[in-house]
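Working notes, beginning with the structure itself.
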Amino acid sequence: MKGLVMEGGAMRGLFTAGVTDVLMEAGVDFDGAIGVSAGACFGCNYKSKQIGRSIRYNLAFCDDPEYVSFRSLFKTGELFNEDFAYNKIPNEYDLFDYETYKENPMDFYVVCTDLETGKAVYKKVNVLHEENFKWLKASASMPLAAKMVEVGGRKLLDGGVSDSIPLRFFIHKGYDKNIVILTQPPHFVKKKNQLAPVMKKVYKEYPEFVKAVYDRHNVYNKTLKYVRYMEKQGKCIVLQPDEKLPIGRVEHDPDNVLKAYMVGRKVGKENLERVKKYLGDK
């Protein structure tokens with residue numbers, strides 16, 4: 001089976017959007033896709049077949065304090081305003097195609113982190129409605145920058161804390177040909193989170209989650225080694241920027257938003273024939 005694996009990285013996810021738009025334009029299909037954080041929020045447009053939607057609304061609203069701002073964080077406890085991002089954008093400003101999403105046979109998974117266990121939760125979301133939107137929101141809810149999300153009997157936050165690159169999960173699900181989109185350049189090594197002591201105090205009621213926060217850099221770096229090994233085994237192709245992306249985790253400059261997206265398009269075009277051949281589409 002053919003799988004698409006999309007790392008998170010907040011606004012670095014616009015790189016992913018650039019790659020996936022190129023793949024959609026070329027008619028590349030997958031049996032399943034899985035996204036973490038921004039990889040889930042932007043990646044869901046693959047299932048709804050909405051080319052250009054991610055870059056369109058991010059260019060329109062990246063400098064709008066109602067979308068993302070520290071003012072929103074202070075007022076609502078959410079850096080990315082929940083109502084704006086998960087209601088107004090998909091239902092009023094840049095309509096999400098719920099029907100196409102539902103009818104597309106490609107399975108779509110999101111990754112969240114359970115606060116009580118510190119473990120990854122993998123949720124298949126093949127229909128998007130109010131309840132399932134909570135899973136997307138949970139996957140992208142960064143610690144300290146968002147409230148925890150309660151859904152499915154769980155308390156959840158950012159999937160990147162527990163499994164930033166869920167290739168292992170997809171291979172275990174039977175996906176033997178995967179395209180993995182990373183938002184950091186080659187040889188990137190994640191360092192220990194400097195805010196971990198703060199999180200230890202804020203999330204003191206959830207010691208397993210705190211352990212996951214403290215160990216995240218180790219897990220991430222081990223996962224990168226696994227990804228490279230699987231690439232050598234022919235289980236995946238990795239697409240990533242050559243250099244650090246010209247964009248912050250939160251970005252208010254439309255020029256930088258567009259630059260990150262265009263880097264993604266460049267990488268997508270440069271690797272398109274290789275991807276199609278690998279997946280058997282050529």
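Annotation note: of 227, 275, 238, 250, the sole residue that is farther than 10 Å from residue 15 by Cα, in a loop (DSSP other than H, G, I, E, B) and not basic (Lys, Arg) is 250.
Out of all the residues in region 242-256, which are of a type outside the set (Asp, Glu) and crowded, with 21+ Cβ neighbours inside 10 Å? Residues satisfying the conditions are 245, 247.
If we keep just the residues of region 65-77 that are part of a loop (DSSP other than H, G, I, E, B) and more than 12 Å from residue 250 (Cα to Cα), which is least open to solvent (accessible area, probe 1.4 Å)?
Of all residues in region 65-77, those part of a loop (DSSP other than H, G, I, E, B) come to 65-67, 69, 77.
Filter again for more than 12 Å from residue 250 (Cα to Cα), leaving 66, 77.
Working: 66: 76, 77: 28 Å².
Residue satisfying both the conditions and the ranking: 77.
Within region 189-206, how many residues turn out to be part of a loop (DSSP other than H, G, I, E, B), surrounded by 15 or more Cβ atoms within 10 Å (Cβ to Cβ) and either on the phi > 0 side of the Ramachandran plot or without any contact (Cβ under 8 Å) to a residue 60 or more places away in the chain (or both)? Full working, then the answer.
As a first pass, look at region 189-206 and keep what is part of a loop (DSSP other than H, G, I, E, B): 189-195, 203-206.
Narrowing the set further to residues that are surrounded by 15 or more Cβ atoms within 10 Å (Cβ to Cβ) leaves 190, 193, 203, 206.
Going one step further and asking which of them are either on the phi > 0 side of the Ramachandran plot or without any contact (Cβ under 8 Å) to a residue 60 or more places away in the chain (or both), we end up with 190, 193.
Of the residues in region 189-206, 2 are part of a loop (DSSP other than H, G, I, E, B), surrounded by 15 or more Cβ atoms within 10 Å (Cβ to Cβ) and either on the phi > 0 side of the Ramachandran plot or without any contact (Cβ under 8 Å) to a residue 60 or more places away in the chain (or both).
The set of residues in region 119-173 being open to solvent by 10 Å² or more (accessible area, probe 1.4 Å), within 21 Å of residue 221 (Cα to Cα), assigned to a loop (DSSP other than H, G, I, E, B) and not hydroxyl-bearing (Ser, Thr, Tyr) consists of 119, 140, 142, 143, 163.
Every test in (1) surrounded by fewer than 18 Cβ atoms within 10 Å (Cβ to Cβ); (2) in a helix (DSSP H, G or I); (3) without any contact (Cβ under 8 Å) to a residue 60 or more places away in the chain is passed by residue 262 save one, and that test is (3).
Can you tell me which residues in region 97-118 are open to solvent by less than 20 Å² (accessible area, probe 1.4 Å) and either touching a helix residue (DSSP H, G or I) at 6+ places or on another chain (Cβ under 7 Å) or of a type outside the set (Asp, Glu) (or both)? Before the answer, list the steps.
First pass over region 97-118, keeping only residues open to solvent by less than 20 Å² (accessible area, probe 1.4 Å): 101, 106, 108-115, 118.
101, 106, 108, 109, 110, 111, 112, 113, 115, 118, listed by residue number.
For region 14-36, state whether one or more residues are closer than 18 Å to residue 130 by Cα, among the hydrophobic types (A, V, I, L, M, F, W, C) and surrounded by fewer than 22 Cβ atoms within 10 Å (Cβ to Cβ). Within region 14-36 (the criterion being closer than 18 Å to residue 130 by Cα, among the hydrophobic types (A, V, I, L, M, F, W, C) and surrounded by fewer than 22 Cβ atoms within 10 Å (Cβ to Cβ)), the answer is no, since none of the residues qualifies.
For region 212-219, state whether one or more residues are open to solvent by 90 Å² or more (accessible area, probe 1.4 Å) and at pLDDT 95 or above. Can you show your working first?
In the first step, residues of region 212-219 are kept if they are open to solvent by 90 Å² or more (accessible area, probe 1.4 Å); the result is none.
Looking through region 212-219, none of the residues is open to solvent by 90 Å² or more (accessible area, probe 1.4 Å) and at pLDDT 95 or above.
The values are calculated or read from the model by the stated rules, or taken from the named source; none is laboratory data. Just so we're clear, the structure is a prediction, and the values are computed from it rather than from any experiment. So basically every Cβ, Gly included, is an ideal-geometry build from the backbone, and we count neighbours across all protein chains shown. For accessibility, only protein heavy atoms count, side chains too; no ligands or nucleic acids. Shrake-Rupley method; radii C 1.70, N 1.55, O 1.52, S 1.80 Å.
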